[in-house]
Each structure stands twice: as C-alpha cells, then as structure tokens.
Amino acid sequence: MTTLLASDRITLHEGEALSVLGALPGSSVDTILTDPPYSSGGLTLSARQADPAQKYQHGSTKRRYPAMLGDNRDQRSFALWASLWLAECLRIARDGARLMVFSDWRQLPVMTDAVQAAGWMWRGIITWHKPSARPVLGDFKRDAEFIVTGSKGKPITHTRRCLPGVYRHNVNASRKVHLTEKPVPLLKDLLEVTQPGCTVLDPFAGSGSTGVACLQTGRSFIGIELSPEYAAIAAQRLTEAMKE
Ligand SMILES: C[S@@+](CC[C@H](N)C(=O)[O-])C[C@H]1O[C@@H](n2cnc3c(N)ncnc32)[C@H](O)[C@@H]1O
C-alpha cells in the first residue's frame, strides 16, 4: 500500500481494497459510498471477461482510458468477493453508518445478497436515471443504474428532508477521465443522507469522484484504488479540488 494523500480531510491509498481495508481501524467511518467493478456486461463468460473498455463503451463513443482492474469475476465469485469487502467495511463502519453501493441491473440481485451476507441491514434501492444512455433498437433502453443502500444496525438520521428514490443525471462523456466515472452531482445528492463533517470511505475510488463530492459538501474522505494510473488521476483531481 502507498499513501498518496494524507490530510485531515482527504486520505488516498493506492493498493488492493481487501488488504488496505484490513489495516483500517474498526468503527472509524460514518458512511461507505462506493462504486466497485461490476463484472457485468454480457450473457456469456467470454463477454463478461472482455476488456472493460469494450464492455462499457459503445460504437461511436469509444475513448481510451487506463485499464480498469478486477472486472472479470463470474457471478458467483463476484458475490463471494463482494461479501468479503463488504464485511470489512461493516467492521470499519460505526454503529448506525450508511452503506451505498452502485450496481447495474445484471448484478443487482447478487449485490443485494452480498450486502446482507456481509451483515449489513439492506434498506432498499435508489435508481440513477441516465437519460443519455444509448437507445436499443426494438428493446427497452437500459438507462438506469442502481445504488443498494444499507445500514449497520439502526441507521442514524441526519436530515429532516424526504429524499427522492430516483435521481436523474447525465454522464459528461466528453469530460470524464475514468471509463465508468460517476457524476459528482449525483454523488453529492447521495451524500445528503449523511452528516456534514462525517467521514466517507470509498474502497474503489477510481478517479476520485466520491472524494471530490466529499470536498464540495464538507465531508472527509478515505479512498482506495488499485490501479496506479487511476490512483494518480484521483490524487491530482483531489489536490485540485482541495484548492477550490
Ligand atoms: C467502477 S470504478 C470506480 C469509478 C469511480 N466511481 C469514478 O467515478 O471514477 C471501480 C474502480 O475499482 C478499481 N479496483 C478494482 N479492483 C480493485 C481492488 N481489488 N482494490 C481496489 N480497487 C480496485 C478499478 O481499478 C476501478 O478504478
């Protein structure tokens, strides 16, 4: 593990999630907001194990990004693996902490299994509607991804607002720096359920979007990223966001 950033508000580790999580103290974070590799994208084994740049980009939109790692598990091993890191996250979370984990339609059933197998209380599904998703001739458009929500025991409530269950945000394809980057405005909306000033953990930080959302909303962030290229991109992005 290499620690690329370490300030009172932002910590970024380059390393493997399970091994770094194992080194973090118990009951030390308030929220887990993360977007793991989905290991999705096809009906057959070869389709699932294809290069993520092929799986998650389509004809006219192809751009080059650093390789995304850890995206080639079959569904059973994905569920087992997810339950391992989710159990570590549960240990690191404080009582009443919130969990929010991204998934797509294909992996949603196994992700909800893994969340519960790891000991989290499953609380529901949030829908992220992406109108910019590509249309499918003769079929329904798959223009949603999902956020599985949970809590460590009884959740602590921090807002008096009734939050929506569906959020609508487009991906900014021309500006994104990660193959499967999530929009910062969406992440900021999700953080509304947490307490300002709290500590948020993202073990699959990618380009650091969750960290940017934390900085913009007054939360502290701990991120982990395996790919040296993406960890460097996240470090640069977060350093710039700290100056804003
Ligand atoms: C879906 S992407 C996250 C994208 C991020 N939300 C963003 O907006 O940039 C998942 C990330 O997890 C990383 N990853 C895969 N396996 C990992 C592991 N075992 N430990 C840590 N990071 C891992 C991948 O390299 C990838 O960047």
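Within region 3-39, the residues that satisfy the criterion of being over 24 Å from GLY150 (Cβ atoms) and more than 10 Å from the ligand (Cβ to nearest atom) are THR3, LEU4, LEU5, ALA6, SER7, ASP8, ARG9, ILE10, LEU12.
Looking only at region 88-117, how many residues end up being open to solvent by less than 30 Å² (accessible area, probe 1.4 Å) and more than 17 Å from the chain's Cα centre (by Cα)? Of the residues in region 88-117, 1 are open to solvent by less than 30 Å² (accessible area, probe 1.4 Å) and more than 17 Å from the chain's Cα centre (by Cα). Somewhere in region 192-215, is a residue farther than 12 Å from LEU33 by Cβ, of a type in the set (Ser, Thr, Tyr) and free of Cβ contacts under 8 Å to residues at least 40 places away in the same chain? Yes, region 192-215 has at least one match. The lone criterion from (1) out of contact with any helix residue (DSSP H, G or I) (no Cβ under 9 Å at 6 or more places or on another chain); (2) within 13 Å of the ligand (Cβ to nearest atom); (3) assigned to a loop (DSSP other than H, G, I, E, B) left unmet by PHE140 is number (2).
If the condition is being farther than 20 Å from LEU186 by Cα and without any contact (Cβ under 8 Å) to a residue 12 or more places away in the chain, then region 117-156 contributes PRO135, VAL136, LEU137, GLY138, ASP139, PHE140, LYS141. When GLY124 is tested against (1) assigned to a strand (DSSP E or B); (2) crowded, with 16+ Cβ neighbours inside 10 Å, just one condition goes unmet, and that condition is (2). TYR230 meets the conditions (1) hydroxyl-bearing (Ser, Thr, Tyr); (2) modelled with pLDDT of 95 or more; (3) closer than 21 Å to ASP143 by Cα in every case but one. The failed one is (3). Mind checking whether some residue in region 131-139 is among the β-branched types (Val, Ile, Thr), at negative phi and surrounded by 15 or more Cβ atoms within 10 Å (Cβ to Cβ)? No, that holds for no residue. Counted as qualifying within region 149-244 are the strands (runs of 3 or more DSSP E) with 2 or more residues that are of a type in the set (A, V, I, L, M) and either more than 10 Å from the ligand (Cβ to nearest atom) or open to solvent by 30 Å² or more (accessible area, probe 1.4 Å) (or both), namely 199-202.
The values are calculated or read from the model by the stated rules, or taken from the named source; none is laboratory data. Here the structure is a predicted model, which means the values were calculated and not measured. Cβ: placed from backbone, ideal geometry, glycine included. Neighbour counts: every protein chain shown. To get the accessible areas, we keep the full protein, side chains included, count just its heavy atoms, and leave off ligands, DNA and RNA. Shrake-Rupley method; radii C 1.70, N 1.55, O 1.52, S 1.80 Å.
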